[in-house]
Amino acid sequence: FGLESARDLPGLKELRAAGLLENRPAPGAEALPEPQTDAELHLRQPGYGTSYITGKYLLEETLAEVAKMQEKRGEEFTLKQFFNTLTSLGNMPISLGRWELTGDSKPVRNITKSFRTL
């Protein structure tokens, strides 16, 4: 991509300013009463559970890669520092966070390979 890090992606600042990189409820969700059970929550948002499982996997994969990189450099790895650094990046997809933390843009390139011009 020719970018130093994920923070250099064009339009990122504008997307954040427009609120498009924030978590927001689905349209109309404010009018519904709070779900009383997990099942009710998952029925309203079918991808809810699987996104947690996928996110957990990607986060653990990133954590392991960062730990290995720091170990190779002879640096001490701590979960506190990892999560402080990760959260300092802001609310972004974990693939972009991984790129920022490891310098490996391959996961992002794999995603963008499937893009087609409309």
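The values are calculated or read from the model by the stated rules, or taken from the named source; none is laboratory data. Only a predicted model underlies this, so the values are computations on that prediction, with no experimental measurement involved. A quick note on method: Cβ atoms are made from the backbone with ideal geometry, for glycine too, and the neighbour counts reach across all protein chains shown. Just so you know, the surface numbers come from the protein's heavy atoms only, side chains and all, with ligands and any DNA or RNA stripped out. Shrake-Rupley method; radii C 1.70, N 1.55, O 1.52, S 1.80 Å.
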Accessible area (Å², 1.4 Å probe, nearest 10) - GLU34: 140
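In what order, largest first, do SER95, SER51 sit by accessible area if the probe radius is 1.4 Å?
Values: SER95 25, SER51 65 Å².
Ranked from most to least accessible, the order is SER51, SER95.
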GLU60 paired with ASN84, simple spin-label distance in nm, labels 7 Å along Cα-to-beta-carbon: 2.6
With DNA, RNA and ligands ignored, accessible area of LEU79 (1.4 Å probe; Å², nearest 10): 100
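How do THR102, THR62, THR78 rank by accessible surface area computed with a 1.4 Å probe, from largest to smallest?
Working: THR102 25, THR62 0, THR78 50 Å².
Ranked from most to least accessible, the order is THR78, THR102, THR62.
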Alpha-carbon spread of the stretch 62-118, three principal axes, descending order, Å: 47, 23, 12
Heavy atoms of PHE115 accessible to a 1.4 Å probe, total area in Å² rounded to 10: 140
